[in-house]
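Trainee: Shown below is the structure under consideration.
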Amino acid sequence: MIKSSQKIIDVILIKPRFFSDDRGVFSETYKKSNFDSLVSSVQFVQDNRSLSNNAYTVRGLHFQIPPYAQAKLVSVQRGRIFDVAVDLRRNSSTFLQHVTVELTADGGEQLFIPVGFAHGFCTLEPNTVVTYKVDQYYAPAHEAGLHWRTPKLNIEWPCGANDGILSPKDADLPDSVDLESCFP
């Protein structure tokens, strides 16, 4: 695995090493000892998977508030996504700044998003499958989010405001939130 720091240093892109021969390709997608040496010691407790039928399906921007805040390790099993992590740590020098990367099934990239970030993505192909590991269980009473088009964030999404396909829940997310109570 190869570590690639992003403009927000705590968000880390991990690229696998591929070993190929005439049969195909092999790569390690997760090995705790390698992950711990590249990123940090995180105890993942749950794996999640989403299938999006259409290109420009938008999911997010989601986060859970303490004490159930989550770190995530995101990857794509089929297709491609435009992945977004927004820093919500109010005392951070990168507060409300974001990182965007394209993750692909063919490239096998993974994005590590630490606690204190909102996360969302936009599919770039139909039938895209995204998986992610989290270090806290899903806690509905502690979930929160920001609207994907929150003006203050200035995220340049790959689709227009009318092209994004959202769930009713994501479409109703606020474009501001009381971040004072979220992440110290």
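Trainee: Place a point 7 Å from Cα of ALA171 in the direction of its Cβ. Which residues in the range 53-74 have their backbone N less than 19 Å from it?
Mentor: Within reach of a label on ALA171, which here means backbone N under 19 Å from a point 7 Å along Cα→Cβ, the range 53-74 contributes 53-62.
Trainee: In the range 80-154, which trypsin sites (Lys or Arg not before Pro) fall in coil by DSSP and have 14 or fewer other Cβ atoms within 10 Å? Please report the intermediate quantities before stating the final value.
Mentor: Values: sites: ARG80, ARG89, ARG90, LYS133, ARG149, LYS152; in loops: ARG89, ARG90, ARG149.
Counting only loop positions with at most 14 other Cβ atoms within 10 Å, the trypsin sites (Lys or Arg not before Pro) in the range 80-154 are ARG90.
Trainee: A further question follows. What is the order of PHE35, PHE44, PHE121, PHE18, fewest Cβ neighbours within 10 Å to most? Spell out each step's value before the answer.
Mentor: Working: PHE35 22, PHE44 17, PHE121 29, PHE18 13.
Least crowded to most crowded, the residues run PHE18, PHE44, PHE35, PHE121.
Trainee: Related question: Explain nothing, just the number: dipole magnitude of the chain about its Cα centre with +1 on each Lys and Arg Cβ and -1 on each Asp and Glu Cβ, in debye rounded to the nearest 20.
Mentor: Working: 18 positive and 21 negative charges, 60 e Å.
So the magnitude is around 300 debye.
Trainee: With the Cα gyration tensor of the range 57-116 in hand, give its eigenvalues times 5 under a square root as the equivalent ellipsoid semi-axes, listed largest first in whole angstrom. The partial results should precede the final answer.
Mentor: Numbers: eigenvalues 105, 31, 21 Å².
Calculated on Cα positions only, the semi-axes equal 23, 12, 10 Å.
Trainee: Note down the relative contact order for the chain as a percent, whole number, built from C-alpha pairs under 8 angstrom at least six residues apart. List each step's numbers first, then the result.
Mentor: On the way: 416 pairs, mean separation 53.7, N = 184.
Averaging sequence separation for qualifying contacts and normalising by length gives 29 percent for the chain.
Trainee: Among LYS7/LYS169; LYS32/LYS72; LYS31/LYS72; LYS72/LYS169, which pairs are too far apart, with a Cα-Cα distance over 26 Å?
Mentor: On the way: LYS7/LYS169 30 Å; LYS32/LYS72 14 Å; LYS31/LYS72 15 Å; LYS72/LYS169 21 Å.
Going by Cα-Cα distance, LYS7/LYS169 fall outside the 26 Å limit.
Trainee: Would you work out which of THR100, PRO174, ALA144 lies farthest towards the positive end of the dipole of the range 42-181, given +1 charges on the beta-carbon of Lys and Arg and -1 on that of Asp and Glu, about the Cα centre?
Mentor: It is ALA144, whose Cα lies furthest towards the positive end.
Trainee: If you filter the range 110-184 for GluC sites (Glu not before Pro), then keep DSSP loop positions with at most 16 other Cβ within 10 Å, what is left?
Mentor: The qualifying sites are GLU156.
Trainee: How much net charge surrounds GLU102 when only other residues with a Cβ under 14 Å from its Cβ are counted (Lys, Arg +1; Asp, Glu -1)?
Mentor: Numbers: positive: LYS15, ARG80; negative: ASP83, ASP106, GLU109, GLU125, GLU156.
Local charge sum for GLU102: -3.
Computed from the coordinates by the stated procedures, all read-outs in this text should not be read as laboratory data. All values reported here derive from a predicted model rather than from experimental measurement. Neighbour counts run over all protein chains shown; Cβ positions are idealised from the backbone, glycine included.
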